[in-house]
Amino acid sequence: MNKFLIQGGIPLKGEVKISGAKNSALPILCSSILAEDKCRYLNIPNLKDVSTMIKVLETLGAKVSKDHDNTIIVDPSGIALYEAPYDLVKTMRASILVLGPLIAKYKKARISLPGGCAIGVRPIDQHLKGLAKMGAHIEMSHGYVLASTKGLKGARIVFDKPTVGGTENIMMAATMAEGKTIIEGAAKEPEIADLADVLNKMGAKIKGAGEATIIIEGVKKLSKATHTIIPDRIEAGTFMVASAITKGNLTIKGARVDHILSIIEKLRGMGVVVNEIGKKTLIVDGNNELKPIDVETAPFPGFPTDMQAQTTALACIADGVSSITENIFENRFMHVPELMRMGANLEEKGRTVLVRGVNRLQGATVMATDLRASASLVLAALNAKGTTEIRRIYHLDRGYENIDKKLLSLGARIERESGGL
Ligand code: UD1
């Protein structure tokens, strides 16, 4: 298994370009199932999760090719199997996003239940409730969801809580249902609007994506689309923290400032200087003394749960006591004991972590547990005195394109070593 060796204490300097959003690329790749013809997607990040999604599509019978580093073409015409098997779903929960398109286009689907994951139980009850309301017959059998229908019908679906994946699955299913679907209490994340954009290019009739109410008029067929994926707001936020935690000065290019306002606000609240240069570039200067901060994660436009661990790492070296509350997932503090091994002073109290700032973190051997927890360990290591060994970095390769190469180009001392635990 690969590991990172990071020597901390070097202020990062230079320019970094943000890659395409993982959480946009995954549902958009699934939306190709609905198309009659080849779809072409640009700015797809080169990530493990993306290659897993490509495997899911190939298992169904789609042909997937690359015509350029970050451009992927999906030809869905050969799809003849309607199943996402356990081995693929267990490595990536987002495989569940083939359910909506499969049931809409082929009227049946057999998808492995995702089960628990490192950050909590993560049920899919809202996805299934919505599909049932649209006329899908849902059964559970031997760890699989079996869904079938004579034809989906538009319906009014009210989510009990905003769910990103649930909104995406229902929105994709509704594009080919008969009549009008209204989704209320929809998630408003930018990735939902990006998915709606590509579906509308294919001929879907979706209004209101990115807002709490989405209205979809079903159509009979969807054609092909060419689409450029939006930039990854979490990668942008992670590099902003990298600048602050190393007292560096980074120019972050190719971001969407309007997607990261809550992150900018919190970092400014900590004393980090963030200058916006137009709508796509940020200069982040970390030279100021860091102040403590209170953060509560919330659905978009609130502070993203996917930035919670990285912000906790930064709060570890602020001058005072910060409070970080996780409201989205019930078990998303696995980075806490690892950060404590690096000298952080953290106290977990239910859904909140109290962070008492220390001067500097210390290098240690730590274990990555999930994607964003791993990012927080890399950030902590960039600050720490001495060398940090981060094991199980395959989690990082799931969601950050070339993270080590990007950090190296900014002056970080980071090495990838293979072998070991
Ligand atoms: C997506 C993101 C993930 C991010 C999360 C929250 C992708 C591929 N992943 O995950 O990076 O952390 O949004 O912003 O886009 N829930 C239910 N029932 C359901 C569905 C969800 O109770 O049917 C709960 C979940 O357990 C969680 C909350 O709702 O507590 C939000 O989950 P959801 O928005 O669905 O997250 P994902 O789409 O899985």
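Since every read-out is calculated from the coordinates, none of them should be taken as a lab result. All figures in this text were calculated on a predicted structure; none of them were measured in a lab. Note that we place each Cβ from the backbone using ideal geometry, even for glycine, and neighbour counts take in every protein chain shown.
In the range 257-349, what GluC sites (Glu not before Pro) fall in a loop by DSSP, with at most 11 other Cβ atoms inside 10 Å? When the GluC sites (Glu not before Pro) of the range 257-349 are filtered for loop state and at most 11 Cβ neighbours within 10 Å, E289 remain. May I ask for the distance between the Cα centers of the range 363-380 and the range 76-107, given as a whole number of Å? Here the two parts' Cα centres lie 31 Å apart. Its DSSP H runs of at least 4 residues, each contributing -39,500 (n - 2.57), put the calculated 222 nm mean residue ellipticity of the chain at -9000 deg cm²/dmol, to the nearest 500. The range 225-297 and the range 16-66 have Cα centres separated by 26 Å.
Restricting the trypsin sites (Lys or Arg not before Pro) of the range 209-269 to loop positions (DSSP other than H, G, I, E, B) with no more than 13 neighbouring Cβ atoms within 10 Å leaves K220, K221. The aspartates and glutamates whose alpha-carbon is closer than 15 Å to the alpha-carbon of K405, local same-chain residues fewer than 8 away aside, are E15, E235, D397, E415, E417. Sequentially through the range 326-335, phi angles give Karplus couplings (6.51, -1.76, 1.60; θ = phi - 60°) of 9, 9, 9, 10, 7, 9, 10, 10, 5, 6 Hz, Gly and Pro residues having no value and appearing as x. Bridge orientation summary for the range 265-421: considering DSSP beta bridges with both residues in this region, about 65 percent are antiparallel.
Looking at the chain, the DSSP beta bridges with both ends there are about 70 percent antiparallel. Modelled spin labels at N345 and S77, positioned 7 Å past Cα toward Cβ, are 6.7 nm from each other. Among bridges DSSP assigns within the range 69-184, what percent are antiparallel (round to 5)? Beta bridges within the range 69-184, antiparallel portion: roughly 65 percent.
Modelled this way, with points 7 Å down the Cα-to-C-beta line, the labels at T213 and K161 are 2.4 nm from one another.
Across the chain, Cα pairs under 8 Å and at least six residues apart give a relative contact order of 21 percent. Backbone amide hydrogens, once placed in the peptide plane, bring I317 within less than 5 Å of V358, excluding anything fewer than 5 places away on its chain.
Work out how much length R268 to L42 would gain on full extension: take 0.36 nm times their residue separation and subtract the Cα-Cα distance, in nm to one decimal.
Length difference between fully extended and current span is 78.1 nm.
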